[in-house]
């Protein structure tokens with residue numbers, strides 16, 4: 001909107017960050033568990049009616065639908081921030097392959113080739129035995 005000090009993107013970013021933090025808290029989880037418990041306890045009282053099911057279904061579907069956009073926004077921002085930080089590290093380390101800074105633009109096949117190469121390099125350079133590697137991957 002012209003003349004606004006904050007655009008729609010900035011307003012959404014701030015709101016998404018707040019909502020994401022609030023709904024990712026233990027209090028939000030406990031609230032959700034409480035609401036589900038209350039709903040389940042009301043089932044026998046309301047004879048497990050269609051309205052009882054419909055109210056809960058609607059009350060969970062709408063917020064879930066809206067949360068998809070909030071979570072995607074948060075994930076996109078986090079991914080961009082991490083990639084920028086990694087790009088800076090690649091550029092700062094002498095001898096690093098700075099071409100990897102654009103690895104996110106590669107095809108799936110090229111990414112798979114790079115992954116195989118780095119796994120090969122890691123297994124060649126790593127003193128970790130197969131037994132230790134399985135212990136690490138199971139944690």
* **Virtual spin-label span in nm between residue 10 and residue 41, 7 Å along Cα→Cβ** => 4.6
* For segment 75-118, list log₁₀ I(q)/I(0) at each q in 0.24, 0.25, 0.30 Å⁻¹, using the Debye formula over Cα point scatterers of equal strength and ignoring solvent, two decimals each. => -0.94, -0.98, -1.06
* Asked: Using the Cα atoms as the points, what is the convex hull volume per residue of segment 1-90 in Å³?
  -> 141
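A short reminder: the numbers here are calculations on the coordinates, not readings from a lab. The model shown is predicted, which means the values in this text are computed figures rather than measured ones. Cβ sites come from the backbone with ideal geometry, for glycine too, and all protein chains shown count toward neighbours.
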